[in-house]
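Right, one structure below, let's go through it.
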Amino acid sequence: MDHKITDLQINALIGTNSKYEIFEIDRQYDIMSTSIKMDKSKKINFNNHMPHECTLLKNVIELNNKELYDKIKDYFCLYYISALENTIENSFRKFWSLSERIIKDIHGGMKDEKLVKYMGKLLKMCRYPDKIIQRVKFIKIKRNNLVHENIHGEITQSDQAIVKIIAENLILFLICYFNEVTDIGDYKSFYDL
């Protein structure tokens with residue numbers, strides 16, 4: 001998530017067609033014989049520590065809990081608006097605000113440091129690597145620079161992607177445990193530090 005192709009430790013980059021056939025094989029033979037093979041990235045399992053059968057809003061509608069249904073519906077609307085933004089900074093800012101709103105709806109008001117801890121805990125529950133969890137602290141600094149100091153150009157697509165992942169997992173968390181709570185504050189027992 002936070003690496004560019006130039007950050008990868010590789011000896012060669014080999015071009016292939018859609019059938020994975022190497023272009024101009026006679027010129028690339030030396031490269032092939034000295035290159036390393038890279039493993040495919042592992043797909044992250046979003047349902048770690050969450051119920052295996054998550055039926056999204058079906059459970060929410062069937063329980064007839066209008067207050068929670070309205071909140072989750074609002075979160076989906078905010079997610080949609082965040083995803084449609086044309087610029088990375090605006091999308092980042094809206095995903096951050098959505099994540100902050102969900103966490104504060106569950107736990108009440110809090111300072112930024114505690115908010116970042118809750119975001120980190122969520123990523124840890126979903127088994128994201130430590131390097132991604134540690135980035136949240138630096139992303140918060142960039143967010144504060146953007147919002148409070150009007151400093152533009154610091155937010156990267158990687159930062160936006162991490163904040164988007166946090167928002168997605170928070171919404172998934174709410175939906176997966178919906179049938180075990182009566183109001184938004186009850187989620188605190190599933191997601192407390």
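The values are calculated or read from the model by the stated rules, or taken from the named source; none is laboratory data. A quick note: this is a predicted structure, and the numbers were derived from the prediction, not measured. Positions of Cβ are backbone-derived with ideal geometry, glycine not excepted, and every protein chain shown enters the neighbour counts. All accessible areas refer to the heavy atoms of the entire protein, side chains included, with ligands and DNA or RNA removed. Shrake-Rupley method; radii C 1.70, N 1.55, O 1.52, S 1.80 Å.
Restricting the first member to segment 65-86 and to residues that are within 10 Å of residue 98 (Cα to Cα), and the second to residues that are assigned to a helix (DSSP H, G or I) and open to solvent by 70 Å² or more (accessible area, probe 1.4 Å), the beta-carbon pairs closer than 6 Å and six or more apart or on different chains are 82/94. Summed over segment 111-162, residues that are in a loop (DSSP other than H, G, I, E, B), more than 23 Å from residue 176 (Cβ to Cβ) and either open to solvent by 90 Å² or more (accessible area, probe 1.4 Å) or among the hydrophobic types (A, V, I, L, M, F, W, C) (or both) total 5. The set of residues in segment 163-180 that are open to solvent by less than 10 Å² (accessible area, probe 1.4 Å) and of a type in the set (S, T, N, Q) contains only 169. In segment 87-110, the residue that is modelled with the lowest pLDDT out of those that are part of a loop (DSSP other than H, G, I, E, B) and either surrounded by 15 or more Cβ atoms within 10 Å (Cβ to Cβ) or of a type outside the set (A, V, I, L, M) (or both) is 109.
Counting only residues that are farther than 20 Å from residue 173 by Cβ and in contact with a Ser or Thr (Cβ under 7 Å, 6 or more places away or on another chain), segment 112-162 holds 1 of them.
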